[in-house]
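The values are calculated or read from the model by the stated rules, or taken from the named source; none is laboratory data. Note that the structure is predicted; figures quoted are calculated from it, not measured. Note that each Cβ is placed from the backbone with ideal geometry, even for glycine, and that neighbours are counted across all protein chains shown. Ligands, DNA and RNA are stripped out before the accessible areas are found, and what is left, the full protein with its side chains, is counted by its heavy atoms. Shrake-Rupley method; radii C 1.70, N 1.55, O 1.52, S 1.80 Å.
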Amino acid sequence: MPRFNRPSRGIMTTSLSLAPELQVHSWYNTDRPLLLSGLRDRVVVLVAFQVLCPVSLSCAIPQALRIYETFEPSDVAVIGLHATFEHHDAYNPAVLKAFMHEYRLKFPIALDQPSAASPIPHTMERYKMRGTPSLVLIDKQGLVRKHTFGAIDDMRIGAEIGALTQERADLSSQAQSSAA
């Protein structure tokens, strides 16, 4: 079986497709399941990780925390996705809860829905993720604007998130200027 969690220095793809809803087993750090369609008018940062993935631990989780602490929740929603595609017997909700407590994760985290037909869980498959860590940026209209695999530079992702938070205002200003 191929190893999916070997990142290749932040490989990125960009598309303008509607982000599929997350298909998850359970949610943590939220009082209700989240729907991407319910997060429109906010930029969504979806961070897929595994608790045993070294790059998730050293890069993706700390970066997700920095994003969560930097941007206003009314502008940017950070969602963690624990996507187990290997070592299935080592993971369970208790392990994930202990991990979240240890790393002081406060943003919503979903446990990806396992697949009966494949080792790749449902949301990971829907997004065609190559492994962990993966980061997906979803704009205010629900479109996938960035999809990366591996570590990504904080300055770059911060600038891209910031630009997406301002995008609607920029488009409205351009439309108003054109109409005048």
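Of note, Pro121 satisfies the criterion of being out of contact with any Cys (no Cβ under 7 Å at 6 or more places or on another chain), modelled with pLDDT under 95, open to solvent by less than 10 Å² (accessible area, probe 1.4 Å) and under 22 Å from Ser26 (Cβ atoms). Of the residues examined, Val95 is not one that is closer than 27 Å to Ala159 by Cβ, not in a loop (DSSP other than H, G, I, E, B) and not polar (S, T, N, Q). In the stretch 55-95, of all residues being within 17 Å of Met129 (Cα to Cα), at pLDDT below 95 and not hydrophobic (A, V, I, L, M, F, W, C), the one that is surrounded by the fewest Cβ atoms within 10 Å (Cβ to Cβ) corresponds to Glu86.
For Leu111, the stated conditions hold: it is open to solvent by 20 Å² or more (accessible area, probe 1.4 Å), closer than 16 Å to Leu34 by Cα and touching a residue at least 12 places away in the same chain (Cβ under 8 Å).
Scan the stretch 125-171 for residues that are open to solvent by 60 Å² or more (accessible area, probe 1.4 Å) and assigned to a strand (DSSP E or B) and the total you get is 1.
For the stretch 36-54, filtered to residues that are open to solvent by 20 Å² or more (accessible area, probe 1.4 Å) and not polar (S, T, N, Q), the residue that is nearest to Pro133 (Cα to Cα) is Pro54. Answer yes or no: is there a residue in the stretch 165-173 that is farther than 14 Å from Pro62 by Cα and among the hydrophobic types (A, V, I, L, M, F, W, C). Yes - at least one qualifying residue is present in the stretch 165-173. Taken together, the residues in the stretch 85-118 that are closer than 12 Å to Gln50 by Cα and touching a Pro at 6+ places or on another chain (Cβ under 6 Å) amount to 2.
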